[in-house]
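None of the figures in this text is laboratory data; all of them are computed from the coordinates on show. These numbers were taken from a predicted model, which means no experiment stands behind them. Positions of Cβ are generated from backbone atoms using ideal geometry, with glycine treated the same way; all protein chains shown enter the neighbour counts.
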Amino acid sequence: MKIRHSGIVAAVAVSALALAGCSGSASGDEASDSGPFRVLVTGAISGQGSLAANAQTSILATKAGVEQVNKDGGIGGRQVELTVTDDGGDATKAVSNLRDAINSGKKPDLYLNSGPSTVSAATLPILKQNKILSFNVGPTNDSSDPAQFPLNFDLSPSPTEYAVSISRYAKSKNYQQVGVIHGSSAYGEAFGKSMDDALSAEGVSRSGSEEYDVAALDMTAQLQALKNKGTQALVIDAYGAPLGYLLSSLERLDWNIPLIGNTSVSGTPLIAKPAPEGALGTRAASNLVMQVFPSTVYDAADTAVNTMVDAMASMGSIPSTLILADNYDPFGLVAAAAEKVGSTTDAEELAKALENQEVLDNAKTAFLPRYHYSAESHAPNLADDGYRFVPPSKLVNGQYGNPAA
């Protein structure tokens, strides 16, 4: 990943939503602890396929987060006013929308995106220049570096964090001779390199790493190479159609081997759809466990997550997994920071407060159980309890493992 996407309401480029009792809209651009707390979220509303579906889930999560924080009194006593903009997954459009918002005299207090990482890379310098606090679902090489972007916080873990979690899981299963197959995308290449390092750090022996072209329709050659090296468990990175081709290639090889899919796999819709339209129930998928967050797995006892899911479902269909629901959490995080600071107007002070673990522990979040931002890293830095490994199943409201499926 970070492959973040989706589809939402009507065919409008910009939709301003004043949710749950906003006080009057302040004019001008002067910082004030009165008036609404302005939040701008961008997503590929007019995108195609998975891009649109993932954006819809992201924006539904944003709306649910707004609803919840406004019920709790807002951010620093200010009700949140949400504006949704359509970037079509195009970084140039995202930049244009952001500049329009800044130049309108109603500069956002907080900016959120729905991915992909190209949108993050294009907008982060503008956010930095204009001193706007932001949360990001599409990490770039330096988006979590406070020295580069002190006012940005990544919501999604980095490829390195994902790789460490998978390597620890492999070690817990006593797997050795673990192979890795990954795509030729920037993310896939970063993930492949991170897996090599993480497996080595955990003392898990590696059989090899193979890269496939994301435009390819067959991965048999790469899989055969890994099989010939004595691979006993295989880590796979694949999003969208390539996942189907990869699983089909495994079946053609008649290779029954434990598979560990990263979040690109668990975020691919076809893995939750029965064959022949999807991969669920196929022989290759029966060997698969997928990396997810706790919120992506149904738990009747998890009140915080169930509140989030119910709020999202009440606003519209959740078309993709809750791995795309990152944008629910920024509102609880910023509310906790504002309580610590005693004000909502200084983005730098709010960012500093978000580096305080006590503030993070007090934040009402659901997408991830907890965050570990620091002065050295604005990545979530999840502990092992921040991940689950589950088999494929049908999705109900974006979650795996629901007995109602």
Non-local residues with an amide H under 5 Å from the amide H of GLY208, with H modelled 1.01 Å from N and Pro and chain starts lacking one, are VAL180
Residue by residue through the range 41-55, the couplings from Karplus 6.51 cos²θ - 1.76 cosθ + 1.60 with θ = phi - 60°, in Hz, x for Gly and Pro, are 10, 10, x, 7, 4, 9, x, 10, x, 4, 4, 6, 4, 5, 5
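Rank-order 143-149, 381-387 by packing density, defined as the average count of other C-beta atoms within 10 Å over each peptide's residues, highest first. Each step should come with its number before you reach the end.
Numbers: 143-149: 18.0, 381-387: 15.4.
Descending packing order for the listed peptides: 143-149, 381-387.
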To the nearest 10 degrees, the tilt of helix 303-315 (Cα long axis) against the first principal axis of the alpha carbons of the chain is 80
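Over all directions, how big on average is the projection of the convex hull of the alpha-carbon atoms in the range 225-304, in square nanometres?
Values: hull surface 23.8 nm².
Projected area, direction-averaged: 6.0 nm².
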Rounded to whole angstroms and listed largest first, the alpha-carbon spread of the chain along its three principal axes comes to 66, 42, 41
With x for Gly and Pro, the residue-by-residue ³J(HN,Hα) of the range 239-249, computed from phi through the Karplus equation 6.51 cos²θ - 1.76 cosθ + 1.60 at θ = phi - 60° and given in whole Hz, is 10, x, 3, x, 5, x, 5, 5, 5, 5, 5
Diffusion coefficient in µm²/s returned for the range 113-245 by Stokes-Einstein, Kirkwood Rh over C-alpha pairs, 10 °C and 1.306 mPa s, is 98
